[in-house]
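**Student:** Let me give you the structure first, and then I'll get to my questions.
What follows draws every value from the coordinates through simple rules; no lab data is involved. Small disclaimer: the values here were computed from a predicted structure and weren't measured. Virtual Cβ from ideal backbone geometry, glycine too; neighbours counted across all protein chains shown.
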Amino acid sequence: MSLQIVSPTGGIAPLLRADGVSLEYGHTRATHDVSFDVYRGDRFVLLGPSGCGKSSLLKAAAGFVKPAAGSITVNGAQVLGPGPDRMVVFQEFDQLPPWKTVLENVMFPLLMTRRVSRHEAGERAAHWIAKVGLSGFEHAHPHTLSGGMKQRVAIARALAMQPEVLLMDEPFAALDALTRRKMQEELGRLWEELRFTLLFVTHSIEEALVVGNRILLLSPHPGQVRAELNSHQFDLASAGSAEFQAATQRIHRLLFGERRSDTAPDRGASQAPHGRSAAP
């Protein structure tokens, strides 16, 4: 099965849509005219080199950054600021308040948004702590946890809110190689069980192939769309295969070795219904 350039169709409305998004910081343009659709249940990856604006796009989707041009919508409503329908897991380990226990950290956004009672927040937090494999650590403080455990807490905190979209900004980049692989595996296991919608940022081609079912390639600064690819056929088990290595090399060529005019997605040519691959 070859790596296909695709654009999902079939009349299914996207859950999250970026339409012609340009982002600027002062006089510096981070992204230019970026458009993409994320469908319910997608594991959609923004992939590109440092400085291409992929993290800025995720922050715009979260409502932290306002586009200079274009718009981002969730369920058809324009994103105007942060909201509980979009929860973010960052790369930094200090995203957890250090004075709160694991249980208190996971409960915190539930209580702040007043979505549930304290009792229900505690029950829901305990449920998600168990889901990420941290039963027994409910009363531990962040400084006693490893980097991977801290990221599990952040994931539990985000999923406990039952967001429409889970946003992850290079969440495993600061972990050692073995822990990073384990976290990728656990994220895949959680997705197989829960089928949440994921928007994931990385600069690792291998991680993009392992985590995502669809990948948007962004050019170097300012970020523009190079191609949109199906990658649902890959997982950790296929990471050493010849097909996986060929896909890695092809993506590298698309990002760095070919002209944009040769690689921009043709949205009228190689299309496939959502959840299916294009014909080889």
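**Student:** What does the charge count near T248 come to, summing +1 for each Lys or Arg and -1 for each Asp or Glu among other residues with Cβ under 13 Å from its Cβ?
**Tutor:** Net local charge, T248 excluded: -1.
**Student:** Let me ask something additional. Helix 118-131 sits at what angle to the longest principal axis of the chain, using alpha carbons and giving 0 to 90 degrees rounded to 10?
**Tutor:** 60 degrees
**Student:** Where nothing but the Cβ of Lys and Arg (+1) and of Asp and Glu (-1) is charged, how large is the charge dipole of the stretch 103-240 around its Cα centre, in debye to the nearest 20?
**Tutor:** For the stretch 103-240, the charge dipole is close to 260 debye.
**Student:** Another question, then. Give me the percent relative contact order of the chain, please, defined on Cα pairs under 8 angstrom at least 6 residues apart.
**Tutor:** It rounds to 29 percent for the chain.
**Student:** Compute the length gained on full extension between H139 and N75: take 0.36 nm times their separation in residues and subtract their Cα-Cα distance, giving the result in nm to one decimal.
**Tutor:** Taking 0.36 nm per residue and subtracting the Cα distance, the gain is 19.3 nm.
**Student:** Quick one: how many lysine pairs in the chain have C-alpha atoms under 23 angstrom apart, if they're 8 or more apart or on different chains?
**Tutor:** 7
**Student:** Place a +1 charge on the Cβ of each Lys and Arg in the chain and a -1 charge on the Cβ of each Asp and Glu, then give the dipole magnitude about the Cα centre in debye, rounded to the nearest 20.
**Tutor:** 280 debye
**Student:** Continuing with the same structure: What is the sum of charges, Lys and Arg at +1 and Asp and Glu at -1, for the other residues whose Cβ falls under 12 Å from the Cβ of K182?
**Tutor:** After counting each charged neighbour, the total is +1.
**Student:** OK, next. What Kirkwood hydrodynamic radius do you get for the chain when you take the inverse of the mean 1/r over all pairs of distinct Cα atoms, in Å?
**Tutor:** Hydrodynamic radius (Kirkwood, Cα pairs) of the chain is 19.3 Å.
**Student:** What residues of the stretch 124-168 lie in the reach of a label at T113, counting those whose backbone N is under 18 Å from a point 7 Å from the Cα along Cα→Cβ?
**Tutor:** 124-129, 153-168
**Student:** Going by alpha carbons, how many degrees (0 to 90, nearest 10) lie between the helix axis of 147-160 and the longest principal axis of the chain?
**Tutor:** So the helix axis and the longest Cα principal axis differ by about 90 degrees.
**Student:** Okay, moving on. Starting from the Cα-Cα distance between E123 and E243, subtract it from 0.36 nm times their residue separation and give me the gain in nm to one decimal. Intermediate results must be reported in sequence, preceding the final value.
**Tutor:** Working: separation 120, 0.36 × 120 = 43.20 nm, distance 4.41 nm.
Difference between extended and current length: 38.8 nm.
**Student:** Rounded to the nearest 0.05, what FRET efficiency do F256 and H232 have when you use their Cβ-Cβ distance and R0 = 22 Å? Before the final figure, lay out each step's value.
**Tutor:** Numbers: r = 24 Å, r/R0 = 1.09.
Efficiency for this residue pair is about 0.35.
**Student:** Taking the DSSP beta bridges in the chain as the whole, what percent of them are antiparallel, to the nearest 5?
**Tutor:** 50 percent
**Student:** Does anyone have the angle between helix 242-252 and the longest principal axis of the chain? Alpha-carbon axes, 0 to 90°, nearest 10?
**Tutor:** Once rounded, one gets 80 degrees.
**Student:** Sticking with this structure for a sec: Go through 86-96, 51-61 and give me the packing order, highest mean Cβ count within 10 Å leading.
**Tutor:** Values: 86-96: 18.9, 51-61: 23.7.
Descending packing order for the listed peptides: 51-61, 86-96.
**Student:** I've got another one for you. Tell me the mean residue ellipticity at 222 nm calculated for the chain from its helices only (DSSP H runs of n ≥ 4, each -39500 (n - 2.57), averaged over every residue, nearest 500).
**Tutor:** On the way: 8 runs with 88 residues, N = 280.
About -9500 deg cm²/dmol.
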